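Data first, discussion second: the structure below is written as structure tokens.
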Amino acid sequence: MAFTEALRLHPGPVDLSTIDTKATPEWPGTSSDDKAAAKEALFEVGVELADLQERLYARGIEGDQRRVLLVLQGMDTTGKGGIVRDAAGLMEPQGLDIASFKAPTKAEKRHDFLWRIEKRLPGPGKIGVFDRSHYEDVLIARVHGFAKPEEIERRYGAINDFEAGLVESGVTIVKVMLHATKERQAERLMARLEDPTKYWKYNPADIDEREHWDAYQEAYEIALERTNTSVAPWLVVPAHRKWYRKLAVAQVLLETLRGLDLEWPAPDFDVEAEKKRLKASM
């Protein structure tokens, strides 16, 4: 559990400014050679990750209620989509449930904020990935005043109760906050504006949101502190280096699946008898 432990957020007040966004915990360096080595390491992680995911999926079909939920949070351009593509992409699509939560619709607003989240939870044997999540309802809502302060306070407790219930029902929750600087975000936004193949990724509203950067950092710090529980702790992944954040999240997923001690489900039939029947049918 080396990566998981190294990235785990300690209990207590959170100050994101003290966490180096360029750091590479559990990785020895940051040179071009290290980048190539990390790419090779990601491939190796993928081999075992795919095997364990298939075991989880097979056990789910047999009635095992366990599943995994990966929650990805971070400011725009921190690489949530890249992780869904390159880290989660190492696994078999049929065993994945991927959801991306945008602004709630009018219909969704008529329900409690967790209503739409519950509808997208992974089923038994599945790995669910939330590209943004229920945490938007204490982040954006706090920064832009979309909910009253007392409602925001209620939501922290509701999230903790919700996640505790999920864990009790067999869900292993992996919460990842991708951490980058305002300057790094500006570089990535400019890269999109300078590359016609990336115009589709650019949203003019991102510039407007940058004006609230400090408020978002404060909202994240409060949310991380209030919802960093023993059953669903937060991991903070330095997101400055693309190759590191992809490897780190993939490695955390691998360590999580290893911790489930997944065995292939035992057959509910006589294997030798079925072999004889098959041979007789040839």
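The values are calculated or read from the model by the stated rules, or taken from the named source; none is laboratory data. Note that the structure is predicted; figures quoted are calculated from it, not measured. Cβ atoms come from the backbone with ideal geometry, glycine included; neighbour counts cover every protein chain shown. Side chains included, ligands, DNA and RNA excluded: accessible areas come from the protein's heavy atoms. Shrake-Rupley method; radii C 1.70, N 1.55, O 1.52, S 1.80 Å.
The single condition among (1) open to solvent by 60 Å² or more (accessible area, probe 1.4 Å); (2) charged (D, E, K, R); (3) in contact with a strand residue (DSSP E or B) (Cβ under 7 Å, 6 or more places away or on another chain) that Arg132 does not meet is (1). So, of the residues in the stretch 78-112 that are among the hydroxyl-bearing types (Ser, Thr, Tyr) and surrounded by fewer than 17 Cβ atoms within 10 Å (Cβ to Cβ), which turns out to be nearest to Glu218 (Cα to Cα)? Result: Ser100.
Scanning the stretch 158-192 for residues that are in contact (Cβ under 8 Å) with a residue 24 or more places away in the chain, of a type in the set (A, V, I, L, M) and under 16 Å from Glu209 (Cα atoms) turns up Ala180, Ala186, Leu189. Look at the stretch 8-27: where a residue is farther than 26 Å from Ala38 by Cα and in a loop (DSSP other than H, G, I, E, B) and a partner is open to solvent by 50 Å² or more (accessible area, probe 1.4 Å) and not aliphatic (A, V, I, L, M), sitting 6+ places away or on another chain with Cβ atoms under 8 Å, you get Gly12/Glu225; Pro13/Glu225; Val14/Glu225. Restricting attention to the stretch 68-77, does a residue exist that is of a type in the set (A, V, I, L, M) and open to solvent by 30 Å² or more (accessible area, probe 1.4 Å)? No, the conditions are met nowhere in the stretch 68-77. Counting only helices (runs of 4 or more DSSP H) wholly contained in the stretch 61-156, the ones carrying 3 or more residues that are under 23 Å from Arg188 (Cβ atoms) occupy 80-86, 136-144.
Considering Ile140, Ile173, the condition of being over 18 Å from the mean Cα position of the chain (by Cα) and under 28 Å from Leu16 (Cβ atoms) is satisfied by Ile140 alone. State whether one or more residues within the stretch 75-96 are closer than 29 Å to Lys201 by Cα, at pLDDT 95 or above and under 13 Å from the mean Cα position of the chain (by Cα). No: the stretch 75-96 contains no residue that is closer than 29 Å to Lys201 by Cα, at pLDDT 95 or above and under 13 Å from the mean Cα position of the chain (by Cα).
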